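Remarks on the structure that follows.
The values are calculated or read from the model by the stated rules, or taken from the named source; none is laboratory data. Model, not experiment: these values are computed from the prediction. Every residue, glycine among them, receives a Cβ derived from its backbone with ideal geometry; neighbour counts consider all protein chains shown.
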Amino acid sequence: MSRVNHPNQPISRSSKDTNSPRFESGNQTAYAVGSISYLYLSGNQASVTSDDEGNAAQAGKKDALPMREINYRHSSQFVPILDHLGVSLLISTYAAGKVVSVGLSKSELTLGFSNFQQAMGIAVGKDRLAIGGPNLIWKLRNAQELASKIEPAGTYDRGYLARESFVTGNIHVHEMGWGRDGELWIVNTLFSCLCNLHDAYNFVPRWQPSFISELAPQDRCHLNGMCMIDGKPRYVTALGTSDSPRGWRDNKSDGGVVIDVRSNQVVASGFCMPHSPRWYQGKLYLLDSGRGRLVVVDPESGNFETIVDFPGYGRGLAFAGQFALIGMSKARETSVFGGVPICNDRASMRCGIVVVDMISAKSVAYLEFESGVEELFDVQVISDSKRTVICGPFPNEDGQTPVWVVPNSQQIDRMPL
């Protein structure tokens, strides 16, 4: 029996298998299997125990509260790659309403879950995070000096604590990024613009595509992805160039575009529902999501080339060292995905992370959610941290011990009244 103090310590076990997801490399045969049940707790005295089959049971409480079981597996190279890079990952799960922290403990994979309703874009800055939701944006601060003291003590090397939330209203927040000046840039999908925050307003529109004629809550082009270069938005992705309410849906199979924010010109087109533009080693990459592809784009010519195919709807792209980490999702049974090529074989679609070696242009590892999570939105890398903990706004629901950070007397004396 293994003991779990809260859901950031997973229940896991290992096995061998020859049935791996369909990736281009096709040679991942060994993987570890894990199962997590995270609790919605009303207090911090409960604990979780598991039997040898990974079945979780609540101890110390008479009436067990609802649990959601998440089953996952990963290839044999996933852990060694994270270990080599010295990083942990943050993943937003959208439909499941969680931010997942993926890390290592004594060379074993760990997954922690924090409640953030319909979590979408994650912006990682120096000692801070922002997490987008349906009506608000959460801001978190890194409490480096406290991370090792968060229960279980000595487990974490980075800890982000929720500090404030900003009410935007339901603007369909997608990707976000921190600017060099500390401003948070937000892809405001409902209003087809990039925006910032100001405490007197829900949002401040800063940029719109040239083909959008007015600021209106109509999701005209489904602006969704943003590439930051030198602390400023430089490229964005949209699912179409429509100027009518939800008009992008009429041509979603190949109407996707990349727009240069600086020139406000479409620099590449012909994508199927593109997401997650990123600048890596002097080149522009994005996910041709509806085709399940990572592509490299030449903004000068508009040409693009496929790097690798993967078995899922792509959303979320991050780079670390020589590797790309790509978020894959299963497609919802809605009309939005009708006619999308990747959905022609729904049975083969996977939800998880695929790791691509950018030198060999092959998939070399994966983390797959087999149940409990079917959609991811964002994937971010936390550098120089093998295990990160998120202390979110709802510690009881997360099964965490509440954490308070208070200034000492010297710090208080230096603060103005």
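So, GLY282, is that one surrounded by fewer than 22 Cβ atoms within 10 Å (Cβ to Cβ) and free of Cβ contacts under 8 Å to residues at least 24 places away in the same chain or not? Here the answer is yes, as GLY282 does meet what is asked. Which of the residues that make up the range 150-181 are without any contact (Cβ under 8 Å) to a residue 40 or more places away in the chain, surrounded by fewer than 21 Cβ atoms within 10 Å (Cβ to Cβ) and touching a strand residue (DSSP E or B) at 6+ places or on another chain (Cβ under 7 Å)? Residues satisfying the conditions are ARG163, GLU164, PHE166, VAL167, GLY169.
Rundown of residues vs (1) hydrophobic (A, V, I, L, M, F, W, C); (2) at positive phi, yes/no style:
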| position | (1), (2) |
| --- | --- |
| PHE271 | yes, no |
| SER276 | no, yes |
| TRP279 | yes, no |
| LEU287 | yes, no |
| ASP298 | no, no |
| ILE307 | yes, no |
| PRO311 | no, no |
| PHE319 | yes, no |
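Look at MET176 and say whether it is part of a strand (DSSP E or B), under 30 Å from ASP243 (Cβ atoms) and not polar (S, T, N, Q).
For MET176, the condition - part of a strand (DSSP E or B), under 30 Å from ASP243 (Cβ atoms) and not polar (S, T, N, Q) - is met.
Only a single item in (1) within 23 Å of GLY292 (Cα to Cα); (2) part of a loop (DSSP other than H, G, I, E, B); (3) modelled with pLDDT of 95 or more; (4) under 25 Å from the mean Cα position of the chain (by Cα) is not met by ASP219, and it is number (1).
Rundown of residues vs (1) more than 30 Å from PHE203 (Cβ to Cβ); (2) of a type in the set (Gly, Ala, Ser); (3) surrounded by fewer than 23 Cβ atoms within 10 Å (Cβ to Cβ), yes/no style:
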site: PRO80; (1), (2), (3): yes, no, yes
site: ASP83; (1), (2), (3): yes, no, yes
site: VAL87; (1), (2), (3): yes, no, no
site: GLY97; (1), (2), (3): no, yes, yes
site: LEU109; (1), (2), (3): yes, no, yes
site: ILE122; (1), (2), (3): no, no, no
site: ARG128; (1), (2), (3): no, no, yes
site: GLY133; (1), (2), (3): no, yes, yes
site: SER148; (1), (2), (3): yes, yes, yes
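Residue count for the range 353-408 satisfying the condition of being without any contact (Cβ under 8 Å) to a residue 24 or more places away in the chain and among the aromatic types (Phe, Trp, Tyr): 1.
If the requirement is being of a type in the set (D, E, K, R) and in contact with a Gly (Cβ under 7 Å, 6 or more places away or on another chain), which of these qualifies: ARG387, ARG414?
Exactly one of ARG387, ARG414 is of a type in the set (D, E, K, R) and in contact with a Gly (Cβ under 7 Å, 6 or more places away or on another chain), namely ARG387.
When the range 179-202 is filtered for residues that are out of contact with any Leu (no Cβ under 9 Å at 6 or more places or on another chain) and outside any strand (DSSP E or B), the ones remaining, listed by number, are GLY179, ARG180, ASP181, GLY182, LEU190, ASP199, ALA200.
When GLY339, GLY399, GLY352, GLY372 are checked against the criterion of being farther than 18 Å from LEU82 by Cα, of a type outside the set (Phe, Trp, Tyr) and modelled with pLDDT of 90 or more, a single residue qualifies: GLY372.
I'm trying to understand the selection: among the residues of the range 312-326, which are touching a helix residue (DSSP H, G or I) at 6+ places or on another chain (Cβ under 8 Å) and over 16 Å from HIS84 (Cα atoms)? Break it down stepwise before answering.
Taking the range 312-326 as the starting set, the residues that turn out to be touching a helix residue (DSSP H, G or I) at 6+ places or on another chain (Cβ under 8 Å) are 312-315, 320-321, 323.
If the condition is that a residue be touching a helix residue (DSSP H, G or I) at 6+ places or on another chain (Cβ under 8 Å) and over 16 Å from HIS84 (Cα atoms), then GLY312, TYR313, GLY314, ARG315 are the ones that fit.
All conditions but one from (1) under 20 Å from the mean Cα position of the chain (by Cα); (2) surrounded by fewer than 17 Cβ atoms within 10 Å (Cβ to Cβ) apply to LEU367; the one that does not is (2). Taken over the range 203-250, residues that are more than 23 Å from LEU286 (Cα to Cα) and buried (at least 16 other Cβ atoms within 10 Å of the Cβ) amount to 3. The strands (runs of 3 or more DSSP E) found wholly in the range 353-397 and carrying at least 1 residues that are of a type in the set (D, E, K, R) and touching a strand residue (DSSP E or B) at 6+ places or on another chain (Cβ under 7 Å) occupy 362-371. For THR401, indicate whether it is on the phi < 0 side of the Ramachandran plot, surrounded by fewer than 21 Cβ atoms within 10 Å (Cβ to Cβ), of a type in the set (Ser, Thr, Tyr) and in contact with a His (Cβ under 9 Å, 6 or more places away or on another chain). So THR401 passes the test.
A quick yes/no check of all residues on (1) among the charged types (D, E, K, R); (2) over 15 Å from ARG387 (Cβ atoms):
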position: ALA119; (1), (2): no, yes
position: ILE122; (1), (2): no, yes
position: GLY125; (1), (2): no, yes
position: ILE131; (1), (2): no, yes
position: ASN135; (1), (2): no, yes
position: GLU145; (1), (2): yes, yes
position: PRO152; (1), (2): no, no
position: ASP157; (1), (2): yes, no
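Tell me, yes or no, whether the range 182-203 has at least one residue that is touching a helix residue (DSSP H, G or I) at 6+ places or on another chain (Cβ under 7 Å) and touching a residue at least 12 places away in the same chain (Cβ under 8 Å). The answer is no; no qualifying residue exists. Residues of the range 299-341 that are aliphatic (A, V, I, L, M), crowded, with 21+ Cβ neighbours inside 10 Å and touching a residue at least 60 places away in the same chain (Cβ under 8 Å): VAL308, LEU317, ALA318, LEU325.
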